[in-house]
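The values are calculated or read from the model by the stated rules, or taken from the named source; none is laboratory data. Computed from a predicted structure; not experimentally measured. Please note: Cβ atoms are built from the backbone with ideal geometry, for glycine as well, and neighbour counts cover all protein chains shown. Surface areas here come from the heavy atoms of the whole protein model, side chains and all, with no ligands, DNA or RNA. Shrake-Rupley method; radii C 1.70, N 1.55, O 1.52, S 1.80 Å.
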Amino acid sequence: MSPVLGEYLYLVAVVLFIVGLKRMSSPKTARSGNQMAAVGMLIAVVVTLLDQRIVGYTTIVAGLVVGAAVGAVLARRVEMTAMPQLVALFNGLGGGASALVALIEVHAGAADVRTGVTAAASILIGTVTLTGSLVAFAKLQELVSGAPITYPGQKVGDSLLAVGMVAASVMMIASGGVPAWAWAATAFAAVLGITRVLPIGGADMPVVISFLNSLSGLAAAAAGFVIDSNALIVSGALVGAAGLILTMIMVKAMNRTLGNVLFGAFGGAQEGAYGVDSGRTARRATPEDVAISLAYARSVVVVPGYGLAVAQAQHALKELENELTKRGVEVRYAIHPVAGRMPGHMNVLLAEADVDYDKLFDLEEINRDFPHTDVALVVGANDVVNPLARDDPASPIAGMPILDVDKAKTVVVIKRSLSPGFAGIDNPLFYLDNTLMLFDDARKGLTQIVDAMKDV
Amino acid sequence: MEDLLVPITVFVLASFAGFEVISKVPPTLHTPLMSGSNAISGITIIGALLAAGVAEGPASQILGFLAVVFATVNVVGGFLVTDRMLGMFRQRDGQR
């Protein structure tokens, strides 16, 4: 194939990516959009395989077979609750591939300044994405603690790593691409990716994953500068922009700044003592009590949180919805932007349980309806319904947009205990006069409510 | 750095295109959007294939092999899992 024809076909691939992403904006067209993007990728791969510069196919075929097999198995087997860690893993591998492309380019010999600079960018961004994503994966998979891991001298250590990383890159560029310097830069970046993500708490994972997603795009774009490929530059820029938009949406939903999330070591036990008032008592309810108040309600708004995902309770929740709908109760779902462990995670879990996406409402849409709601059912959520965020300017989560469930006539909270959520802050919602607490695992609690409802 | 002018222009314009195209995605689709765009970032597979195809010497070949494996897992896994998720969204739509 002539190189010019190849370039045109790469353009076709890129156009398919853009149109595909555009179609992702509606549930009706999203699946075909994803398929269009996949076709674009197939075109790009075939064009590349026909490139005259390629001298041997053994390594390529071996890599394609292994990669496709691993990718397909992971994609088919993953539980929807584990989607965040899978996306983190894929992000990391994409970043790692971009770094490797640049490293190979450096190994190929004498690099001019331009190649050196762009290769350094690709290596650094790609490697940080790889190791940062692997740590995020380990945290989400609970291989390491989800709480922020901090140690003395962290900031100084990270600064030294950053300086070392830049210095090694400069040496690589100045030396005309000596591979040893490239590997030194890679090593510094690898450690920095690890130490940068370890101190970030589990509750901030939606931000971290979105940000790493953005970085994986930038790494691809940087690799595009190295090998002079417009297809890589355009696609990488698209993904970089997408990841950045999602990152900012998540950051805004937590009333934080990106810098604060990445460098703040927020959440976990260190703030556990905040605002605890042992003088109050929560009203404990039985599944029967809850079943009665739900069955006689006209409108119910369900607020699912990560506890629902952990307990795999989405199917039990759908059963409850069916039972209530049968009785003429209007059931809707209120989804906080940071519910779950990645943007939109809760929507996917509910979709898996066959909940109609028309019944899912955003924070702004549903908040004005809570005063007219008979029962707000909070399942495994905590910080996103904490009135302190709204009412107490001194609270660490002050200003974070919350779902105003306390304005509903009755609030039912299914939760294993009164313990604080990821932000480590006590929740006064649990002690309100109109709040009923059902202390149980989300799935067991919901199943018992459904059973009790059959007798109401 | 004059020869970087064109690629940087392409990069900046594509970023703006990305912001425009993606800013309208509803929260319901944020997870599939992320895994789908993640698969697109696997476009680096082009670079990996070229690198592996022209690699000489064992070091470059091993690196090339790894690059192809990483990128292929990213691409194949990313598109498949996105399709699986979106299938769950669509299924119910068809029942109505």
TODO: Place the peptides A:34-42, B:30-38, B:50-58, A:230-238 in order of packing, highest mean first, counting for every residue the other Cβ atoms within 10 Å and averaging per peptide.
DONE: B:30-38, A:230-238, A:34-42, B:50-58
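How much of the accessible area of chain A, probe 1.4 Å, is carbon plus sulfur, in whole percent? Intermediate values should be presented prior to the final figure.
Details: 11040 of 17490 Å².
It is 63 percent, rounded to a whole number.
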Open item on the list: Give me the inter-chain shielding for A:2-15: mean count of other chain Cβ atoms within 10 Å, whole number please.
Closed with: 1
Task: Computed magnitude of the charge dipole of chain A (debye, nearest 20; Cβ of K, R +1, Cβ of D, E -1) - done: 480
- [ ] Could you work out the mean count of beta carbons from other protein chains within 10 Å of each residue's beta carbon in A:341-353?
- [x] 5
Open item on the list: Pairs of alpha-carbon atoms within less than 8 angstrom and 6+ residues apart define the contacts here; what relative contact order does chain A have, in percent?
Closed with: 14
Open item on the list: For the stretch B:2-87, take every pair of Cα atoms, bin their distances at 5 Å starting from 0, and report each bin as a whole percent.
Closed with: 3, 13, 15, 15, 16, 17, 12, 6, 3, 0
Open item on the list: Quick check: the angle from helix B:58-72's long axis to the longest principal axis of chain B, C-alpha only, nearest 10 degrees?
Closed with: 10
Task: HN-Hα J in Hz across the stretch A:26-37 - Karplus 6.51, -1.76, 1.60, θ = phi - 60°, x for Gly and Pro - done: 9, x, 6, 9, 4, 5, 5, x, 4, 5, 4, 4
Open item on the list: For A:V412, what residues show an amide H to amide H distance below 5 Å, using hydrogens built from the backbone and excluding near sequence neighbours?
Closed with: A:A376, A:L377, A:V378, A:L436
Task: Label-point separation, A:W183 to A:S417 (7 Å along Cα→Cβ), nm - done: 5.0
- [ ] Rank by packing, highest mean first: peptides A:91-101, A:252-262, with packing defined as the count of other Cβ atoms within 10 Å averaged across residues.
- [x] A:91-101, A:252-262
Task: Amide hydrogen neighbours beyond the local backbone of A:I200, cut-off 5 Å, H modeled - done: A:I149
Task: Relative pair counts by distance (%), Cα atoms of the stretch A:287-453, 10 Å bins - done: 11, 44, 38, 7, 0
Open item on the list: Need the C-alpha centroid separation for the stretch A:168-195 versus the stretch A:49-123, integer Å.
Closed with: 19
Task: Separation between Cα centres of the stretch A:340-404 and the stretch A:1-41, rounded to whole Å - done: 35
Task: Share of carbon and sulfur in the accessible heavy-atom surface of the stretch B:2-87 [1.4 Å probe, %] - done: 75
TODO: Please turn the phi angles of the stretch A:371-388 into ³J(HN,Hα) values with the Karplus equation 6.51 cos²θ - 1.76 cosθ + 1.60 (θ = phi - 60°), one per residue in order, whole Hz, x for glycine and proline.
DONE: x, 9, 9, 6, 10, 9, 9, 9, 10, x, 10, 9, 4, 6, 10, 7, x, 4
- [ ] State, to one decimal in nm, how far the label point of A:R284 lies from the label point of A:A398, with both points 7 Å from Cα in the Cβ direction.
- [x] 3.5
TODO: Work out the mean other chain Cβ neighbour count within 10 Å for the residues of A:16-28 and drop it here as an integer.
DONE: 6
Open item on the list: Under 19 Å from a point placed 7 Å out from the Cα of A:V39 along the Cα-to-Cβ direction: which residues of the stretch B:24-40 have their backbone N that close?
Closed with: B:36-37, B:39-40
Open item on the list: On a 1.4 Å probe surface of the protein chains, which of A:R280, A:R368 comes out largest in accessible area, and what is the full order?
Closed with: A:R368, A:R280
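Counting only helical runs of four or more DSSP H residues, what would the 222 nm mean residue ellipticity of chain A come to if each run contributes -39,500 (n - 2.57) and the total is spread over all its residues?
My calculation for chain A gives -19500 deg cm²/dmol from helical runs alone.
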- [ ] With label points built 7 Å along Cα→Cβ from the Cα atoms of A:Y296 and A:Q141, find their separation and express it in nm.
- [x] 5.0
Open item on the list: Exceeding 25 Å between C-alpha atoms, which entries from my cross-link table qualify? They are A:K28/A:K407; A:K407/A:K454; A:K139/A:K415.
Closed with: A:K28/A:K407; A:K407/A:K454
Task: Solvent-accessible area buried by pairing A with B, both sides, nearest 100 square angstrom, 1.4 angstrom probe - done: 8100
Task: Within the stretch A:344-362: backbone nitrogen closer than 13 Å to the A:T325 label point (7 Å, Cα to C-beta) - done: A:351, A:353-360
Open item on the list: From the phi angles alone, apply the Karplus equation (6.51, -1.76, 1.60; θ = phi - 60°) to the stretch A:243-252 and give each ³J(HN,Hα) in whole Hz, x where the residue is Gly or Pro.
Closed with: x, 5, 4, 4, 4, 5, 4, 5, 4, 5
- [ ] Write down the percent of antiparallel bridges among all DSSP beta bridges whose residues are both part of chain A, to the nearest 5.
- [x] 0
TODO: Please name whichever of A:G33, A:P387, B:V69 sits farthest to the positive end of the charge dipole of the protein assembly as shown, dipole taken about the Cα centre and charges placed at Cβ: Lys and Arg +1, Asp and Glu -1.
DONE: A:G33
Open item on the list: Sort A:191-200, A:44-53 by packing, meaning the average of other beta carbons within 10 Å per residue, with the highest value first.
Closed with: A:191-200, A:44-53
